[in-house]
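Student: Provided herewith is a single structure, encoded as structure tokens, for subsequent inquiry.
FYI, it's all coordinate maths here, none of it is from the lab. Note that this is a predicted model, so its numbers are computed, not measured. When we count neighbours, we look across all protein chains shown, and the Cβ atoms used for this are built from the backbone with ideal geometry, even at glycine.
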Amino acid sequence: MRPIVTLSFLSSAAALAFAAPAMAKDAPEYDIVIKGGTIVDGSGLPGYRGDVAIDDGHIVAIGDIGPARAAKTIDAAGLVVSPGFINLHSHAEPDAVSTAVNMLTQGVTTEMINADGGGGSDIATQLPAYASKGLAENIGAYTGFNAVWRDAMGDRDLRPTEAQIASMRAALEKNLKAGAWGVSSGLDYRPAYYAKPEEVISIVSVAKPWRTNFPNHDRLRPEDNLSSFKGMEETVSVAEQAGLVPVITHIKSAGKERGNAANVLKMVSAASARGAWTAIDIYPYLAGQTALQAFLVPGWAADGGRDAMLARFKDPAIRPKLVEAAEYAMATRLGGAEGIALPDLNKRLTDIMAEEKIGAGEAVLRTLEREPFVRANMTFGLEDDVITFLKYPDTAVACDCGAAITNRGHPRYYGSFPKVLGHYVRDTGAITLEDAVRKMTALPAAIVGMVDRGRIAPGMRADVTLFDPKTVRDHATFDKPTLPSDGIRHVIVNGVASFVDGAATGAKSGAVLLRDTHMPSRPMNAATAARSVTATAKSADYAVSFQVAQASGQRQASGTIRLTDAKSGTVWTADRLGVLQTTKGWGSLTAILRDKAGKRMAATLTLDHADGGAQSPVVSVALGGNAAITLPGSGTVR
């Protein structure tokens, strides 16, 4: 359907209640009604008691919805009702997204794949392949810098030609046009490790007109004494010069720089203050996981791939240097060999050292000679740093995990989000429940540019997680990494119950999510920030006007909208307004519209002054589950 909207409704954020028809026989009908839960809506504002009505894949009413008929009613007494969690940093297995049980047990409804610059170089082919067996969760994709660099440069430490740089820029732009949610990178991983900063900037700056983000696994270089701080500075510098939003991914102050979180955040805050708004994501563990080779073999030794690396291992003049380099990396990045576990071998590195009576560096080399690929869980940080980073307002929770069928050897695949809610919210009080939910929902949505997910509000997509705040907790450990968490009770994906009473239903209601040019990466609007948008637009088929505002401390907007379908003469006006989101020259609103006959329809309306080079403002209108239509228009954002 393609209507254009007229909307007139004044939301009462103080009451958070909507009038219901007087007679039960006239009660509205919904697909799902969630009754009597504590709604923590993603805004960061205090939770409140209320109901949530879902229909046609969208949230259509919240608060006291009165008498209503529904195909399914969920008693949410004693439960928190929150937006579905968004995992910004996913390593989902392609065969696992059709079930995604480990993610549903964490309350996750959306994952962003191709983290750390990975994935294929053509998401238009990749995403349908992921979705071929159906999706239990939503997936979106970054376009990976590492993927296009490897395609162009192979495994060698070589300088790209102008033609190769042009081909990499073209590959990234192709994926942005296909709906990628940003340009991800893992400059700490070879062969992208070999790219010089100026080369990275030249390549990823192709994304500047898209107003998107640059999440990067920071690069630790010997010339910087393997400083994680210097690596994070590089992430910010590259993104800032390329015109993208820097995202310091799975942030950590590692090894000899443990305890340095406050200084890292000073650097991040300074970047944001000068106009390079910088975001962060974090997972709640003190050990990460990667290939044993990745951090402990210097870049020059891996130049040319595995065979070339093994040949250097055998060289008696080179081997002592590699042993020394591995031990230096362990001491500097990880605090020593004691913090390295090898889950694929069911051993610790110190076990191999003791068994073979060798030193730590030699144990690394011998292990890599015997095994083509070995995962390593590496202890890097301090609990105090995790808490300091977690408290920072622009830190989102992500898990560096993803939908998995196999045992991935790290508890983050089953425990990350419940661990934050159980340990850091309930048990220690490090952050509030409302802030934790915000960091899992509305904040990550804003970082990547989503406009209709991450909130409990009219017109938003119905991705909803219900959990018991008294019992939610993780159980997975490094010894038993697949133990499921407790406390996530129900998960709804696009209006369909995918997880009910602690068990997956097998529903495949997930969707491939694609970004368009009207979805900029942006800071999340503070709950105290008043904002307003006025817009009008008209074409031969549609006319739309809206004048809306959201006051400080309010959950929803108030104002008017009018959408007219010129062909049918249908006029749509607002039944309920949702959240108004704004940044410079851009504003977007979700709403539930109603025509004269009483038919409801969800809508997202956007005014955009910076449409990737557009000469005049445009108004974008997405109705129900349909693609957005774009009209030339005018308006202001304040």
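Student: Given 10 °C and 1.306 mPa s, how large is the Stokes-Einstein diffusion coefficient of the range 23-107 in µm²/s, with Rh as the Kirkwood radius over Cα pairs?
Tutor: 108 µm²/s
Student: Extension gain THR528-ASP344, at 0.36 nm per residue separation less the Cα-Cα distance, in nm?
Tutor: Gain on extension, THR528 to ASP344, equals 61.3 nm.
Student: Next up: Compute the convex hull volume of the Cα atoms of the range 311-459, divide it by the residue count, and report the result per residue in Å³ as a whole number.
Tutor: Cα-based convex hull of the range 311-459, divided per residue, equals 165 Å³.
Student: Antiparallel DSSP bridges in the chain: what percent, to the nearest 5?
Tutor: 75 percent
Student: Is there a pair in LYS72/LYS480; LYS439/LYS538; LYS252/LYS439; LYS256/LYS321; LYS35/LYS391 whose C-alpha atoms are over 28 Å apart, and which pairs would that be?
Tutor: Checking Cα-Cα distances, LYS72/LYS480; LYS439/LYS538; LYS35/LYS391 exceed 28 Å.
Student: Follow-up. Give the order of ILE405, ILE488 when sorted by the count of other beta carbons within 10 angstrom, beginning with the fewest.
Tutor: Going from sparsest to densest Cβ surroundings: ILE405, ILE488.
Student: Something else about it: In whole angstrom, note down how far apart the Cα centers of the range 431-468 and the range 507-551 are.
Tutor: That distance is 16 Å.
Student: Here's a follow-up. Want the number for ALA170 to SER272: 0.36 nm per residue separation, take away the alpha-carbon distance, what's left?
Tutor: Between ALA170 and SER272, full extension yields an extra 33.8 nm.
Student: Can you pull the three principal axis extents for the Cα set of the chain, in Å, largest first?
Tutor: 86, 53, 44
Student: Express in nm, to one decimal, how much length is gained between THR636 and GLU383 on full extension, taking 0.36 nm for each residue of separation and deducting their alpha carbon distance.
Tutor: Length gained, THR636 through GLU383: 86.5 nm.
Student: Further question on the same structure: Amide H to amide H, which residues 5 or more places from ASP344 or on other chains are under 5 Å from it, using H placed in the peptide plane?
Tutor: The list, which skips near neighbours in sequence, is ARG375.
Student: Here's something else I'd like to know. Compute the distance in nm between two label points, each set 7 Å from the Cα along the Cα-to-Cβ direction, one at LYS321 and one at ASP468.
Tutor: Rounded to a tenth, the inter-label distance reads 6.0 nm.
Student: By count of other Cβ within 10 Å, fewest leading, how are LYS266, LYS174 ordered?
Tutor: LYS266, LYS174
Student: Calculate the dipole size of the range 289-379 relative to its Cα centre from +1 charges on Lys and Arg beta carbons and -1 charges on Asp and Glu beta carbons; express the result in debye to the nearest 20.
Tutor: 60 debye
Student: A further question on this structure: Counting other beta carbons within 10 Å of each residue's own, what order do TRP149, TRP300 fall into, fewest first?
Tutor: Fewest-to-most ranking of TRP149, TRP300: TRP300, TRP149.
Student: Less than 15 Å apart at the alpha-carbon level, and either on another chain or at least 8 residues along: which aspartates and glutamates does that give for LYS133?
Tutor: GLU93, ASP95
Student: Hey, another quick one. Give the average over all directions of the projected area of the C-alpha convex hull of the range 289-379, one decimal, in nm².
Tutor: 5.2 nm²
Student: Which value in nm describes the separation of the simple spin-label points at LYS599 and THR161, placed 7 Å from the Cα toward the beta carbon?
Tutor: With each label placed 7 Å out from Cα toward Cβ, I get 5.8 nm.
Student: Moving on. Taking the Cβ of ALA279 as the centre, find all other residues whose Cβ is under 11 Å away and add up their charges (Lys, Arg: +1; Asp, Glu: -1).
Tutor: Once all neighbours under 11 Å are counted, the net charge is 0.
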